[in-house]
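The values are calculated or read from the model by the stated rules, or taken from the named source; none is laboratory data. On a predicted model such as this, the values are computed, not experimentally measured, just so you know. Cβ coordinates were reconstructed from backbone atoms using ideal geometry, including for glycine residues, and neighbour counts include every protein chain displayed. Ligands, DNA and RNA are excluded from the accessible area calculation, which covers all protein heavy atoms including side chains. Shrake-Rupley method; radii C 1.70, N 1.55, O 1.52, S 1.80 Å.
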Amino acid sequence: MLARCRVVEEIHGRRSGAPATRTRPDARGGREADSRMGRPSCSSRPALTVPMHTEVDGEGFPVLMLHGAGVSGWLWGPVRKALPSTVKMIVPDLPGFGRSADRAYVSHRRTVRELSDVLHDHAPQGAHVVGFSLGAQLAVLLAAELPHLVRGVVVISAETKPLPLPGPTLALLAVSAPLARRRRFAVAQARQLGIPEHLMEQYLRDSVATSRSTLLSSVGENIRFGLPVGWSTYPGQAAVMVGAGERTLMHDFALLTTSALPASTLHTVEGAAHDIPLSHPDVVASVVRRQIREWVP
């Protein structure tokens with residue numbers, strides 16, 4: 001069965017005026033074919049499901065921003081403010097989170113396929129990709145498997161080696177999952193993650209909306225993740241970032257990630273823990289701007 005396929009863009013008027021929403025269904029309930037790119041209509045292929053919610057803001061060099069588990073696109077608010085008006089910011093809420101919470105997170109593999117569609121829709125010539133935590137793992141996969149769509153990649157606080165004994169970890173998570181819906185527990189988690197007070201309510205709303213299925217699937221994918229073979233041959237610019245105050249294991253992961261791709265650069269952010277996009281947005285924006293300046297078509 002073909003699901004109804006559409007493209008929805010919410011363009012928030014930080015620079016371009018009032019918010020607008022555009023939907024392009026064709027007469028058969030599918031997306032119109034893009035003859036310029038030679039791409040088929042969505043009605044000619046099975047749609048995965050309703051597209052993930054994606055905000056597109058600005059015009060210019062496209063940058064795809066991928067948040068981590070337990071949060072959503074709002075995580076990138078401080079970084080977005082630090083980027084210049086020459087950047088087109090593409091900010092999805094990944095499946096299972098935020099405004100895409102009505103559908104469960106299934107797997108990294110499936111999410112990468114959907115992100116490929118997001119890139120084809122909003123940056124068909126490629127984009128710089130910046131990801132945090134789980135989103136950084138997705139950024140690594142996109143760079144490794146779809147290098148023609150990834151001009152440069154910024155990998156922030158990513159676990160890049162499978163952890164031992166995932167079974168007991170997930171079993172414990174399954175038992176404790178209902179706690180995420182309790183305000184006191186969620187507030188404690190938010191403070192561990194460095195969520196600032198002005199974003200606390202947004203975090204709590206996302207925490208309540210995250211299903212048990214999404215929690216188990218996303219954490220399972222996160223702790224089983226290893227560097228894909230294609231990472232070592234990625235030809236674009238790559239920056240790996242880790243907070244100076246993060247666990248030793250995260251520093252080991254960052255070193256492993258850069259060692260596997262010798263052309264990449266390692267950035268240890270002083271004063272940061274597992275909160276770099278929120279605590280040091282200017283540092284992230286600086287790395288993205290540098291990649292854009294040095295990018296060669």
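Things to note:
- For the stretch 233-250, Karplus couplings with θ = phi - 60° (6.51, -1.76, 1.60), whole Hz, Gly/Pro x: 10, 4, x, x, 6, 9, 10, 10, 10, 8, x, 4, x, 6, 4, 3, 4, 5
- Across all C-alpha atoms in the stretch 183-270, the radius of gyration and Dmax reach 16.5, 46 Å.
- Å³ per residue enclosed by the Cα convex hull of the stretch 83-138: 98 Å³
- With all pairs of separate Cα atoms included, the stretch 142-297 yields a Kirkwood hydrodynamic radius of 17.3 Å.
- Computed about the Cα centre, the dipole magnitude for the stretch 158-297 is approximately 440 debye when only Lys and Arg (+1) and Asp and Glu (-1) carry charge, each at its Cβ.
- For the stretch 135-228, the spherically averaged projection of the C-alpha convex hull amounts to 7.3 nm².
- By accessible area with a 1.4 Å probe, ligands and nucleic acids excluded, highest first: order of Ser259, Ser72: Ser259, Ser72
- Prolate/oblate/rounded label for the stretch 46-165 (Cα gyration tensor, a/c 1.5): rounded
- In this structure Thr86 has an accessible area near 80 Å², from a 1.4 Å probe over the protein heavy atoms.
- Around the amide H of Gln237, modelled in the peptide plane, lie the amide H atoms of Val153, all under 5 Å away and 5 or more residues distant in sequence or on another chain.
- Coarse-grained scattering of the stretch 106-175 at q = 0.16, 0.27, 0.28 Å⁻¹, given as base-10 log I(q)/I(0) from a Debye sum over alpha-carbon atoms: -0.60, -1.22, -1.27
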